[in-house]
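The values are calculated or read from the model by the stated rules, or taken from the named source; none is laboratory data. These numbers were taken from a predicted model, which means no experiment stands behind them. Please note: Cβ atoms are built from the backbone with ideal geometry, for glycine as well, and neighbour counts cover all protein chains shown. The area values use the complete protein model at the heavy-atom level, side chains included, leaving out ligands, DNA and RNA. Shrake-Rupley method; radii C 1.70, N 1.55, O 1.52, S 1.80 Å.
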Amino acid sequence: MASVSADPPSVAGAAPFRVLILSPNPGLVREVVELLAEAEVGAVSVLTAPSIEEADAIVKEGAPGAVFVDLAVPENGGLGGVVRLQAMAPTVPIVPVLGGLDPGAQRATPVAARSNAWRLDRDAVVRCVRGAAHQQEQARRIFRLATHDPLTGLANRYLLEQRLERALARSRRTGRSGALVFVDLDGFKRLNDALGHGAGDRVLVSVGECLEAAVRATDTVARYGGDEFVVVLEGVGGEGELAPVLRNLRARLAAPFEVDGRAVPVSCSLGTALFPRDGDDVTTLLSRADERMYAEKRREAP
């Protein structure tokens, strides 16, 4: 399997539109990239597969936005291959071609050259691909609204629980442990009352950015609710490996945040749970970390 990237004008930060081409023909790849540019779908990622079997594996990992199937390649299974792919990804546009997007061109196969039956309406294909890209982007936006906190942009509680479930499954499979860190801001209500809710919101955004900067890109930082955050750390072997991570988190959160030109000090309480030592399910781990966070808050209360 190979991949080709192309970057027509696109909205900054938008995920690329993924297209799968079942053909070893580099000429067809170039034609599809040109067509995608014509469709103005933004940044694209083009995957190629030499056979229907490899295409199956790609589709199972994550359905692309569109698929081009070269019927001149015997390994693609002809129209039967098209039907097979459509059954696997019923909402994905699948475009059958014979050697290229213009079967009447010189490079076309003899079968294609003898018949106009497979001539594609290029405008129709462009409209179809453009519609698929728009639909995919809309689905992506809806997914983000459903899984991310609108204020901080962090994972919300739903996405946190989904990722923690997957982390637990990987832990069972690999035998590698992990950790959960519950973070609660101390005295946040007083801060909100003193500075106003707008300033309080900016503090929450800054805390989220601070937590993300303190951990790996593969870890999950979520806003659990209000002034509570949760960090999921995979591959943490025990208290010894967790300790430096906690020191880093505390050090970063101890520095005052600048809000509206003033330095705003923020303190926090942390509670941890190791998996599978402290539990092997989402509810138990969150409960243990929450209990330990409140125990620390009580110890440090004046």
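Numbers for the structure displayed
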item	result
Dipole moment magnitude, nearest 20 debye, region 187-254 about Cα centre, only Lys, Arg, Asp, Glu C-beta charged	260
Share antiparallel - DSSP beta bridges, the chain, percent rounded to 5	65
Accessible surface of the chain, 1.4 Å probe, proportion on carbon and sulfur as whole %	53
Amide H within-cut-off set for VAL95, under 5 Å, with H built and near neighbours excluded	VAL67, PHE68, VAL69
Amide H contacts under 5 Å for TYR224, placed H, 5+ residues apart	PHE229, VAL230
Answer label for mean projected area of the Cα convex hull in nm² (calculated), chosen among (i) 18.0; (ii) 19.4; (iii) 15.4	(ii)
Choice from THR48, THR220, THR174 showing the highest fluctuation, given a GNM over the chain with Cα pairs closer than 10 Å	THR174
Table column - 3J(HN,Hα) (Hz), region 69-79, Karplus curve with 6.51, -1.76, 1.60, x for Gly and Pro	10, 7, 6, 7, 9, x, 5, 8, x, x, 5
Under-5 Å amide H pairs with ASN25, H placed in peptide plane, nonlocal only	none
Between region 140-213 and region 240-302, the alpha-carbon center distance in angstrom	12
Table column - 3J(HN,Hα) (Hz), region 92-97, Karplus curve with 6.51, -1.76, 1.60, x for Gly and Pro	9, x, 10, 10, x, 9
Solvent-accessible surface (1.4 angstrom probe) belonging to LEU35, in square angstrom, nearest 10	0
For region 165-177, 3J(HN,Hα) per residue [Karplus equation, 6.51 cos²θ - 1.76 cosθ + 1.60, θ = phi - 60°, Hz, x = Gly/Pro]	4, 5, 5, 5, 5, 5, 5, 5, 6, 9, x, 8, 8
Per residue accessible area in Å² of the chain, where ligands, DNA and RNA are left out and the probe is 1.4 Å	51
Binned Cα-Cα distance frequencies in region 182-286 - 5 Å width, integer %	2, 11, 23, 24, 18, 11, 7, 4, 1
